[in-house]
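Single-structure report; data block below.
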Amino acid sequence: MSKRSELSDLKRTAHHEAGHAVIASVYGFDPYIATVVHGDGFRGQVKVTNTFLTSVIPRILARWMLYDLAGMAAQDRYSHSRHAWLLGGHDDIKQFTDDWYKLHILTEGRCGDAHAFEQLTALAVKQFWYAIRDLASLLEERKTIEGDELVKTLHNLIFTSDFKQPPAIKDVCPLDGDGPFESPDLTDLETRSKALRIAMEGKYARES
């Protein structure tokens, strides 16, 4: 692989993984590792704090599905194309399809369609592009960011003067009755640190 091709792969992977990490964070999940050197070449990885509740509460699962799609959406925005699924997006598509099928069963088909989720994800990526772009640059330079450093980095990149509340999941999943899980306190860094410690102990981790 040529030097130019390697650099192109690195940049594309960095934006892909930054998309996963930032969108997960703004929708209440907590990435605890982001890397562009997982496996062969520059195939990256993001690991996120998660619980079994993601699989049983529709609003949480719907937010998670935006995370499923965020890497491809960010990669497409960076590349000015819609071909991310050809360049490392196969696992994301499989995960989204599995989650969408699960959500369809949980809500008896009342919670949006795949195209609506794609549109909402693209909107969220556009809104938080300032943070995705900057995290991608850091990943290009550092290759891996993890632990408390990643939590603080995401917090500092996202919660700037540009921050606005993310697009509402109710636009694609208009369900009631999900209780306190509807509006997580995105700015509570102490809560995020506690969740991070649980994740680092190996509990309820899920990879991108």
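Per-structure values
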read-out: Long-range HN-HN contacts of residue 37 with modeled amide H, under 5 Å; value: 45
read-out: Other-chain or far-sequence residues with amide H under 5 Å of residue 49's (modelled H); value: 30, 32
read-out: Radius 14 Å from Cβ of residue 112, net charge of other residues (Lys, Arg +1; Asp, Glu -1); value: -1
read-out: Derived scalar couplings ³J(HN,Hα) [the range 14-29; Karplus, 6.51 cos²θ - 1.76 cosθ + 1.60; whole Hz; x for Gly, Pro]; value: 4, 5, 4, 5, 5, x, 4, 5, 5, 5, 4, 5, 6, 9, x, 9
read-out: Whole-Hz ³J(HN,Hα) from phi, Karplus 6.51 cos²θ - 1.76 cosθ + 1.60, for the range 64-81, glycine and proline x; value: 4, 5, 5, 4, 3, 8, 5, x, 5, 5, 5, 5, 5, 5, 5, 8, 6, 8
read-out: Least to most buried among 159, 96 (fewest other Cβ within 10 Å first); value: 159, 96
read-out: Karplus-derived 3J(HN,Hα), 6.51/-1.76/1.60, for each residue of the range 156-165, Hz, glycine and proline x; value: 5, 6, 7, 8, 10, 5, 7, 5, 9, 4
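Read the figures in this text as sums done on the coordinates, not as results from a lab. For clarity, every value in this text was computed on a predicted model and none was experimentally measured. Here Cβ is always computed from backbone atoms with ideal geometry, including for glycine, and neighbour counts include all displayed protein chains.
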